[in-house]
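Heads up: the structure comes next, in structure tokens.
Only the coordinates and a few stated rules stand behind these numbers; no lab work does. None of these values were measured; they are calculated from a predicted model. For neighbour counting, all protein chains shown are included, and Cβ atoms are generated from backbone atoms with ideal geometry for every residue, glycine included.
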Amino acid sequence: MTADTHSRIRRLTDIRRGELIEARSGQTVLRGTVYDTAPGVGLVWIRLEASHARRAVQSEDFTLWHVRDHAA
């Protein structure tokens with residue numbers, strides 16, 4: 001992870017549907033596309049890259065990161 005490929009998300013209002021993000025907590029890293037957000041309650045739903053399962057991520061439990069495409 002470098003500043004060229006990742007940037008920390010500090011406010012859930014900065015996340016948009018369809019963006020690729022990573023949620024990190026200790027050794028756990030969840031990577032997926034934003035499906036929906038609920039900034040008022042601190043939740044982001046993502047569709048996981050690996051399994052395509054939908055997962056709710058609590059912003060109090062994870063640090064969130066925008067993932068930029070190398071080609072962009």
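Would you point out which residue out of ASP69, ASP36, ASP4 is of a type in the set (D, E, K, R), outside any helix (DSSP H, G or I) and in contact (Cβ under 8 Å) with a residue 60 or more places away in the chain?
Numbers: ASP69 fails: in contact (Cβ under 8 Å) with a residue 60 or more places away in the chain; ASP36 fails: in contact (Cβ under 8 Å) with a residue 60 or more places away in the chain.
Answer to the selection: ASP4.
For the range 39-66, which positions are exposed (fewer than 15 other Cβ atoms within 10 Å of the Cβ) and either aromatic (Phe, Trp, Tyr) or part of a loop (DSSP other than H, G, I, E, B) (or both)?
Across the range 39-66, the qualifying residues are GLY42, GLU49, ALA50, SER51, HIS52, ALA53, GLU60, ASP61.
With respect to THR13, determine if the residue is not aromatic (Phe, Trp, Tyr) and not in a strand (DSSP E or B). Don't jump to the end; show me each part of the working.
On the way: not aromatic (Phe, Trp, Tyr): yes; not in a strand (DSSP E or B): yes.
So THR13 fits the description; yes.
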